[in-house]
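To start, the structure itself, in structure tokens.
The values are calculated or read from the model by the stated rules, or taken from the named source; none is laboratory data. None of these values were measured; they are calculated from a predicted model. Neighbour counts are summed over all protein chains in view; Cβ atoms, including those assigned to glycine, are modelled from backbone coordinates with ideal geometry.
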Amino acid sequence: MTYAAFPALRLRRIRKAAWSRALVAETLLTPADLIWPLFVTEGQGIEEPVATLPGVSRWSVDLVVERAREAKALGIPCLALFPNTPRNLRTDDGREALNPDNLMCRAIRAIKDAVPDIGILTDVALDPYTSHGHDGIVDERGYVINDVTSELLVRQAIVQAEAGSDIVAPSDMMDGRVGAIRTALEAGGHLNVQIMAYAAKYASAYYGPFRDAVGSRGLLKGDKRSYQMDPANAEEALREVALDLAEGADSVMVKPGLPYLDIVWRVKDRFEVPVFAYQVSGEYALIEAGVAAGAGERDALVLETLLAFKRAGCSGVLTYHAAYAARLMGA
Ligand code: PBG
């Protein structure tokens, strides 16, 4: 394709008026592109602000239900739930994850009762339930044991599906767990429960505030680099995605988000599947800190950032700004 040259071609012509810019916009951001991560805590009528995530709180189940109603009214199609498990229920083996009456399952049921047609995505990983803060079972040297962990994740996913989760999202990065979960979902009659694989999840410095929110920061021993990916790698992300799709994932996620848009784009370009990105806690906190420091204007930063995810190829974005952004979009 050869284009006309200046002055026959003036690209600014098409940019001059707002109506024209609207007409040629290649990417559209709507509230339907957003998944809202919510932290759940024990009690009744409780809102606990998360210090390192200004504007984000943990909610007791009754108030998480209110957030679900709010999301529905704003046109946000899906919530992602994370439990702040009480300390006394955290064990080496994270067994509270398998309790059908745990905080997560009670939140799922309460939301489904009140707002039946909102999607619920649940994280499959043991870290909010373990006393050491790792996503699985650790051996005496602190190594997370793959296959033993995978068996527990399968049971955790089934418990969540039975409580009413629509999308189980393994965020643990064990090998083979997507296939094992898919087999168990089929065997258990949960034919329409989706798996969104945290396929390319990096061992990132951007998760700090999340670990505060679920109460695992002080607990975590060591780091997660023996299971989460090295930020240096992109080809390996494509292999992770290929494997998770072959094992039965319905959609895949890249995480963190903005620093990894190249990965989003490569995955979208290579595989014809829905791709999601998680704009993680540290990314959110950096925007809020930047705004507080006068580095930019919140509304514009939030919308531009979310639009960038869409432009890079995302079907949707998990973002703590979901409700805020949906309001900006005039929902
Ligand atoms: C747990 C999990 C983490 C996040 C989502 N699921 C933290 C981690 O892997 O340590 C991070 C999300 C965020 O930072 O917002 N497996």
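Couple of notes before you dig in:
- Residue list for region 182-219, filter: touching a residue at least 40 places away in the same chain (Cβ under 8 Å), in contact with a Leu (Cβ under 7 Å, 6 or more places away or on another chain) and under 13 Å from residue 249 (Cα atoms): 196
- Where helices (runs of 4 or more DSSP H) sit wholly within region 187-281, those with at least 1 residues that are within 13 Å of the ligand (Cβ to nearest atom) and modelled with pLDDT under 95 occupy 208-213.
- Check on residue 226, in contact with a Pro (Cβ under 7 Å, 6 or more places away or on another chain), polar (S, T, N, Q) and surrounded by fewer than 22 Cβ atoms within 10 Å (Cβ to Cβ): no
- If the condition is being within 16 Å of the ligand (Cβ to nearest atom) and of a type outside the set (S, T, N, Q), then region 114-128 contributes 120, 121, 123, 124, 125, 126, 127, 128.
- With respect to (1) more than 14 Å from the ligand (Cβ to nearest atom); (2) of a type in the set (A, V, I, L, M); (3) touching a residue at least 60 places away in the same chain (Cβ under 8 Å), the lone exception for residue 328 is condition (3).
- Residue match in region 188-204 (condition: among the aliphatic types (A, V, I, L, M), crowded, with 24+ Cβ neighbours inside 10 Å, in contact with a strand residue (DSSP E or B) (Cβ under 8 Å, 6 or more places away or on another chain) and more than 30 Å from residue 73 (Cα to Cα)): yes
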